[in-house]
1. Taking the Cα-to-Cβ direction at residue 70 and at residue 45 and moving 7 Å from each Cα, how far apart do the two end points lie in nm?
2. Local charge sum around residue 32 (other residues, Cβ-Cβ under 15 Å, Lys/Arg +1, Asp/Glu -1)?
3. Calculate the spin-label point distance for residue 111 paired with residue 99, positioning each point 7 Å from the Cα along the beta-carbon direction, and give it in nanometres.
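The numbers here are math on the coordinates, done by the rules we state, and not lab data. All values reported here derive from a predicted model rather than from experimental measurement. Cβ placement follows ideal geometry from the backbone for every residue including glycine, while neighbour counts extend to all protein chains displayed.
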Amino acid sequence: MNPAQLRRASMAIACVSTALFASCAPSSSSSGRGAFLEKTWASKQFEKTDVQKNYTSVYIAPVDTSRLSKQDWWQSQNSRTQSGVLEKDANKLGRQLKSSLTREIRNYPGNKLAIASSPGPHTLTIETAITELIPSKAYWNAGATAAGFVVPGAGLLSAAGSGSIAVAGRLRDNSGTVATFSDKRSDQLSPINLRSYEWYGGAENNIEIWAKKGAEFLNAKPGSTVKRTSSVTLNPF
């Protein structure tokens, strides 16, 4: 499958991924604690909730990666699918998302939330799924000049062969679902993007961004804004 076909496939997947976990239709995020995500929904009560004051712990459920097997790109990779390589890759990224979010919450300055081993009273449960995963391909980036653009002082930024990853999920407590979200991120653009030569280097970087922003979200006061990270970076690693 060529890059153009992959992009069309990823757009189709993105159209249905937002329905995952959604008990209410998500809306576009431009401000507030969920502004770092593309689409969010929250109950009116949760919008006013100070997470640090209303919950004593957070339970991070294992990340669901089962929907990735339905990707057109995945299905076209017969040898990798049959050997289980793609499933192992997806599971590895799922474990990274869970462990990174756990680490960032624990280490966030002033955080009062404990990490729970299971749902329970006064515990906020975070359920997530990776709904799209398109790897970076080094040989696509060989023609990056034709698809790149120049930022003064930074040089040529390449968009050719960029991978992407998307997630969707919900927040729950004993009352039920209090918020839902979905987000898709392409690999960050960089003057010299060394991660573009790794199959999932860009996805791993985006997982770390989600983890940091997720911890910030849980520590943010109602009415404050958690801003979205730029798609451009000067860090090649």
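1. 3.1
2. Numbers: positive: 33, 39, 44, 48, 213, 221, 227, 228; negative: 38, 47, 50, 183, 216.
Here the charged neighbours net out to +3.
3. Those two pseudo-labels are separated by 1.6 nm.
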